[in-house]
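Values in this text are rule-based calculations from the coordinates and carry no lab data. Owing to the predicted nature of the structure, the values given are computational and were not obtained by experimental measurement. Glycine also receives a Cβ, built like all others from the backbone with ideal geometry; neighbour counts cover every protein chain displayed.
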Amino acid sequence: MCGEPFTGAYSCMTNKEFIEALWLKHRKVEPFPPTALITRFVTKLLLLLFPEQSKTRFENTDDLKLALNILQQELSDILQPIQPLLIAPVEKISESYFEQLPHVYHLLTSDVEAIVNGDPAATSEFEVIRTYPGFYAIAMYRLAHVLHRLHVPVIPRIITEYSHSKTGIDIHPGATIGSHFFIDHGTGIVIGETAIIGKNVKLYQGVTLGALSVEKALASTKRHPTIEDNVVIYSGATILGGETIIGHDSIIGGNVWLTSSVAPHSKVYHQAQIKIFDKQ
């Protein structure tokens with residue numbers, strides 16, 4: 001109602017004024033590819049890279065190459081409406097993206113290897129690829145990260161948020177993550193935009209690699225921590241700040257809260273006081 005606290009610009013409009021204002025907003029919004037089109041593309045690409053998730057089989061390498069070419073053209077078609085926002089022609093970006101697929105695939109196979117070797121419950125690569133939400137989230141992140149590095153706006157975030165909605169794992173496409181990355185269980189993990197994660201790092205559920213409270217003007221600075229090689233971070237740990245570095249070969253225990261760096265080979269644990277009362 002007009003005159004009430006917290007009323008916004010639209011709260012006192014007549015219905016006609018509201019429709020006109022909404023129509024003007026519709027006119028101002030630039031064309032952008034539908035989310036469903038983007039997620040369908042990246043899903044098809046993931047199925048092509050990992051047939052463990054797909055029923056499609058190719059008779060020969062020519063058929064496989066044709067399928068890749070079709071997906072490359074699909075990416076060009078997706079990018080076409082936002083050509084003015086891109087730093088290169090859509091065909092060039094699409095070509096560069098697919099040229100980097102072998103490297104992405106190499107990283108993803110290393111992630112599968114890390115999960116199989118590090119999780120006693122994992123019985124095979126097939127099981128990891130087909131069922132593990134951690135692998136799915138990592139795969140979507142790696143496919144989105146290439147687009148992010150090619151300066152494609154918004155689309156990488158759509159891909160990782162789609163994965164977030166399916167897995168409960170929130171990885172910003174701008175994060176930098178090394179090979180042999182292992183997410184165990186994964187629900188509630190948050191990895192911020194400027195986080196840097198080295199090789200052979202293992203995260204359990206509920207880990208946050210986040211930012212300390214910063215002003216909007218500092219958005220372009222490094223706000224999230226650096227995790228060096230061979231680090232294990234157990235469930236519920238929160239590590240904050242762009243200057244925070246977790247040294248290599250460290251172990252961060254569950255529910256630890258860190259806003260400062262720790263040296264290599266450190267073991268950091270949270271000591272909780274637990275009391276059990278006997279009913280008698």
Next on the checklist: So if each residue of separation counts as 0.36 nm, and I subtract the Cα-Cα distance between residue 58 and residue 29, what length gain in nm does that give?
Outcome noted: 6.3 nm
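Give me the net charge for the shell around residue 240: Cβ to Cβ below 14 angstrom, other residues only, Lys and Arg +1, Asp and Glu -1. Walk me through the intermediate numbers first.
Working: positive: 222, 223; negative: 193, 243.
Here the count lands on 0.
How high is the relative contact order of region 175-280, in percent, counting Cα pairs under 8 Å that sit 6 or more residues apart?
On the way: 294 pairs, mean separation 21.4, N = 106.
Here the relative contact order equals 20 percent.
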Checklist outcome for this item: Under 19 Å by backbone N from the virtual spin label 7 Å along Cα-to-Cβ at residue 125, the residues of region 136-159 are 136-140, 142-143
Item to check | Label point distance in nm, residue 103-residue 44, each placed 7 Å from Cα along Cα→Cβ | outcome: 2.5 nm
Checklist entry - GNM, the chain, Cα, under 10 Å: largest mean-square fluctuation among 29, 154, 256? => result 29
Checklist entry - Can you give the relative contact order of the chain as a percent, counting alpha carbon pairs under 8 Å and 6+ residues apart? => result 10 percent
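Longest span of the chain, sites excluded, free of GluC sites (Glu not before Pro) in DSSP loop with at most 16 other C-beta atoms within 10 Å? Before the final figure, lay out each step's value.
Working: sites that count: 59, 215, 243.
Result, exposed sites excluded: 60-214.
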Item to check | Calculated Rg and Dmax of region 76-208 using C-alpha coordinates, Å | outcome: 15.1, 49
Checklist entry - Which of these, 26, 164, 265, has the largest mean-square fluctuation under a Gaussian network model of the chain (Cα springs below 10 Å)? => result 26
Item to check | Range in the chain, longest, excluding exposed chymotrypsin sites (Phe, Trp or Tyr not before Pro) [loop by DSSP; at most 11 other beta-carbon atoms within 10 Å] | outcome: 11-276
Next on the checklist: No solvent, one uniform scatterer per C-alpha: report log10 I(q)/I(0) for region 1-151 via the Debye equation at q = 0.15 1/Å, two decimals.
Outcome noted: -0.86
Checklist outcome for this item: Expressed in angstrom and rounded, the centroid-to-centroid distance over alpha carbons for region 185-202 and region 119-137 is 17 Å
Next on the checklist: Given the -39500 (n - 2.57) contribution per DSSP H run of 4+ residues, what per-residue ellipticity at 222 nm results for the chain, rounded to the nearest 500 deg cm²/dmol?
Outcome noted: -13000 deg cm²/dmol
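Let me check against my output: what whole-number percent is the relative contact order of region 31-167, with C-alpha pairs under 8 Å and at least 6 apart? Can you show the working numbers first?
Numbers: 104 pairs, mean separation 38.5, N = 137.
Once normalised by length, the contact order is 28 percent.
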Checklist entry - Do the alpha carbons of any pairs in 28/65; 65/166; 202/279 sit beyond 31 Å of each other, and which pairs? => result 28/65; 202/279
